[in-house]
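Step one of this worksheet: look at the structure below.
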Amino acid sequence: MPTLRELQSVVESLWPAAGAESWDSVGLVSGDPDAVVEHVHLAVDAVPDTAREAVAAGADLLLTHHPLLLRGVTTIDESTYKGSVLATLVRGGCALLAAHTNADVVTTGTSAVLADRIGLQEQRPLEPAADGVTGIGRVGVLAEPVPLGVLARRIVDVLPATATGVRVSGEYDRPVRTVALCAGAGDAYLGNPEVRAADVYVTSDLRHHPASEFREQAMVADGPALIDTSHWATEWLWLDVAAEQLRAATGVRVTVSDLRTDPWDFAVLPSAPNEGA
C-alpha cells in the first residue's frame, strides 16, 4: 500500500497543482506524509459530517474537492466547524487533501464529467489553458436540438437531488443545441464569447444582478438561455470518475460519500391560486 506521500504524487499526476487558480489552496491540509494509506474516501466538502463519515469508514485519507482552508483561520477551536473537522480527522488518523480548480481544468474534470453526462459532443474548454486542451468549463453540442425545458429535465435527472433543483431563464420550448457550461460557480464567465455564442449556459450560484443583466441583454440580442444548478450537485458527479482513477493508479480502496452537503434543506414554493378566487 502507498504512503500518503506516494499517494500525493498520484494526485499530482492526475490533477497537477500547476493547473490550480492563483487564489486557490490545493494539496495536503493535514496528515503524516509517511503514513500508509489503504482507504481513501471522497467528498465534495470537508464538513463535520463527511469527516465523521470518513473516520467511521476507517479511511486513511479524506480527499475533498473544496479546500477546507481556502481562506486563513486564526483558530481551530472545536466549537468552529473547521476546528471540528480537523480534530475529528486527526483523532481518527485520517489525513485531508483537496483537489479543487486543479481538478476542474483537466479533461476528466468536473465540467467534462457534467458535459459527458448530459451528452455533449465535440467538447472543448470554455477558457482554454496554453495547451488548448485543458481549461475551465466546457462547450459542446447536443446530438440534436432539444427544447430548453427538455435539457433542464435531463440535467435534473443526471444530478443528485437537491432542494432547489434547477432554475431556468428562457422559454421552455426554445430549441437549444450548443451548450456552454461550468460546473460550480460560473458567473465570472457570463461575458465569455463562447458563452455568448451558445444557445444555453449551464452553471451554479447565479446571483440576481449578473443573471438579470445577462437575461436582459440576451432578450435584446438573441443571446443564450441560462440554467442555474446546485453547485454541490454538479461537482459531486466528478467523485465517481476520480475514485475510479485513484483505484486504477494505486490499488487502494476508494469510496465516495453520498452525503448531501448542498447547503439548502428544503424549498417552499407558492401555492397555486385558488380556482374562482
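Each reported figure results from applying straightforward, stated rules to the coordinates on display, with no laboratory input. Since the model is a prediction, treat every value here as computed from it, not as a measurement. With ideal geometry, Cβ positions are generated from the backbone for all residues, glycine too; neighbour counts draw on all protein chains shown.
Structural remarks
- Net lengthening on full extension, LEU69/ALA161 (0.36 nm per residue, minus Cα-Cα): 30.4 nm
- Expressed per residue, the C-alpha convex hull volume of the stretch 4-103 stands at 87 Å³.
- Here the simple spin-label model places points 7 Å from the Cα toward Cβ, and for GLN121 and ALA221 these points are separated by 3.0 nm.
- Overall form of the stretch 105-232 per C-alpha gyration tensor (a/c, 1.5; a/b vs b/c): rounded
- Helix 208-221 vs. the chain, principal-axis angle (Cα, 0 to 90°, nearest 10): 40 degrees
- Formal net charge of residues neighbouring ALA130 (Cβ-Cβ distance under 15 Å; K, R +1; D, E -1): -2
- Dipole magnitude of the chain, debye to nearest 20 (Cβ charges: Lys/Arg +1, Asp/Glu -1, about Cα centre): 100 debye
- Euclidean distance of C-alpha centroids, the stretch 1-78 and the stretch 128-190, integer Å: 29 Å
- ASN102 sits among other residues whose Cβ lies under 11 Å from its own Cβ, and their net charge, with Lys and Arg +1 and Asp and Glu -1, is -4.
- Taking one quarter of the surface of the C-alpha convex hull of the stretch 204-277 gives a mean projected area of 9.5 nm².
- Neighbour-count order for VAL47, VAL141, fewest beta carbons within 10 angstrom listed first: VAL141, VAL47
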